[in-house]
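Notes to accompany the following structure.
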Amino acid sequence: MNAYIFLQHYWWFVVSLLGALLVFLLFVQGGNSLLFCLGKTEEQKKMMINSTGRKWEFTFTTLVTFGGAFFASFPLFYSTSFGGAYWLWMIILFSFVLQAVSYEFQSKAGNLLGKTTYRTFLVINGVVGPVLLGGAVATFFTGSNFYINKGNIADAAMPVISQWANGWHGLDALLNPWNVVLGLAVFFLERILGALYFINNIADDALITKCRRALYANAGLFLVFFLAFVIRTLLADGYAVRPETGEVFMEPYKYLTNFLQMPVVLLVFLVGVVAVLWGIIRTLWKPAFDKGIWFAGAGTVLTVLALLLVAGYNNTAYYPSTHDLQSSLTLANSCSSQFTLKVMAYVSILVPFVLAYIFYAWRSIDNRKIDAREMEEGGHAY
């Protein structure tokens with residue numbers, strides 16, 4: 001493997017890891033979607049909002065970093081997906097803006113729309129964010145409707161090399177039922193993670209009991225949608241690439257083959273799934289156990305990381321085109337220059353220090369569980 005190919009694979013790993021961390025941190029959205037389901041009193045709702053409110057910036061920062069890393073390392077994907085499927089991404093980003101505004105204004109005295117309206121915005125973000133992001137990730141396996149014409153770069157009037165093939169600009173992803181299936185799987189996973197986080201972060205017996213009950217239905221629905229998508233993906237034809245020519249072609253059982261030919265990735269996937277299930281089951285079996293979020297959270301990161309590596313590694317087109325097969329994006333045809341990837345690789349050495357700071361900040365924020373007394377005393381309360 002030469003240096004350029006190594007850097008392409010390295011940066012796909014970094015982007016995949018950021019995407020996996022983002023899916024874990026979407027527990028904020030999952031928790032918000034449970035606001036009216038579990039919070040029956042004003043006190044309980046306030047504790048739930050303050051619990052997720054102290055973490056929403058981690059989620060949003062990771063989302064921006066994920067997009068920035070994709071732009072720097074695989075700019076053709078950025079221009080194709082973010083520039084072509086802009087309605088999908090605009091709705092996602094708008095829902096996150098609603099979230100930020102709602103956290104800041106929902107408890108302010110005399111706010112224009114009222115507390116309930118802003119809390120409803122939090123619920124909307126808790127539903128729309130995970131479903132649409134899950135649907136967007138699913139297109140790595142199901143494909144999107146775009147085409148590439150690199151000859152347009154010489155067109156002074158319109159030097160745009162990637163075009164969406166219809167007027168839906170990303171919303172057509174929701175017409176593919178398998179994209180919706182993964183979107184729903186991510187949605188119910190985030191509700192599970194949100195409930196587990198409340199169990200770990202809030203000291204209120206009545207609310208924690210409701211969180212444990214919520215795990216049953218959401219875990220069942222998550223398994224149905226997740227297993228359906230995984231089984232279908234493993235049995236479906238995949239988008240393979242001939243490394244000698246760069247030609248994209250359909251290969252039976254491509255993603256299953258990727259797992260079998262990359263046993264380490266398969267092991268990571270299986271360990272991740274087991275960790276998620278262990279975090280749920282242990283929490284349900286042991287009423288005093290409140291660490292399920294860490295098992296399920298780590299499992300989520302490992303599972304999503306493995307799925308994204310399978311989508312891009314082993315001569316696979318990670319962003320397939322259903323309009324023109326040869327327009328599909330691969331690590332080789334969509335990445336930045338070797339110089340850019342090399343410079344960014346040096347910068348990425350700082351990432352562990354950033355993660356260490358996030359860990360420190362997280363521990364400092366969560367040095368004690370949120371309770372009703374803290375809400376009454378005020379302080380930094382949403």
### Task
At 0.36 nm per residue, minus the direct Cα-Cα distance, what do Trp87 and Ala109 gain on full extension? Give it in nm, one decimal, please.
4.5 nm
### Query
What range in the chain is the longest one free of GluC sites (Glu not before Pro) that are in a loop by DSSP and have at most 12 other Cβ atoms within 10 angstrom?
1-243
### Query
Which residue, Leu221, Leu113, Leu256, tops the fluctuation ranking in a GNM of the chain built on C-alpha contacts under 10 Å?
Leu113
#### Entry: Max mean-square fluctuation residue, GNM over the chain, Cα-Cα springs under 10 Å, options Gly220, Gly297, Gly129
Gly220
### Task
Tell me which residues come under 5 Å, amide H to amide H, from Ile370 once H is placed; ignore anything under 5 positions away on its chain.
Ile202, Ala203
### Message
Give me Arg212, Arg191, Arg54 sorted ascending by neighbouring Cβ count inside 10 Å, so fewest comes first.
### Response
Arg212, Arg54, Arg191
### Query
Once every DSSP H run of n ≥ 4 in the chain is given -39500 (n - 2.57) and the sum is divided by its residues, what mean residue ellipticity at 222 nm do you get, rounded to the nearest 500 deg cm²/dmol?
-22000 deg cm²/dmol
### Message
Restricting to Cα pairs below 8 Å that are 6+ residues apart, what does the relative contact order work out to for the chain? Please round to a whole percent.
### Response
25
### Query
Which shape class applies to the stretch 3-377: rounded if a/c is under 1.5, otherwise prolate when a/b exceeds b/c and oblate if not, where a ≥ b ≥ c are the square roots of the Cα gyration tensor eigenvalues?
prolate
#### Entry: Partner aspartates and glutamates for Lys55 [C-alpha distance under 15 Å; skip if fewer than 8 residues away on the same chain]
Glu104, Glu190, Asp366
### Candidates Val128, Val101, Val137, ranked by Gaussian network fluctuation over the chain, Cα under 10 Å, top entry
Val101
### Summary
Counting Lys and Arg as +1 and Asp and Glu as -1 over every other residue whose Cβ sits under 15 Å from the Cβ of Phe121, the net charge comes to +3
### Task
With a 10 Å radius around each residue's Cβ, average the other Cβ atoms per peptide and rank 174-181, 326-333, 352-359, highest first.
326-333, 174-181, 352-359
### Query
So what's the gap between the Cα centers of the stretch 297-315 and the stretch 334-382, to the nearest angstrom?
21
#### Entry: Dipole magnitude of the chain, debye to nearest 20 (Cβ charges: Lys/Arg +1, Asp/Glu -1, about Cα centre)
820
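Each value in this text was obtained by applying a stated rule to the coordinates, not by laboratory testing. Given the structure is predicted, the values throughout are model-derived calculations rather than measurements. As a convention, Cβ positions derive from the backbone with ideal geometry for all residues, glycine included, and neighbour counts pool all protein chains shown.
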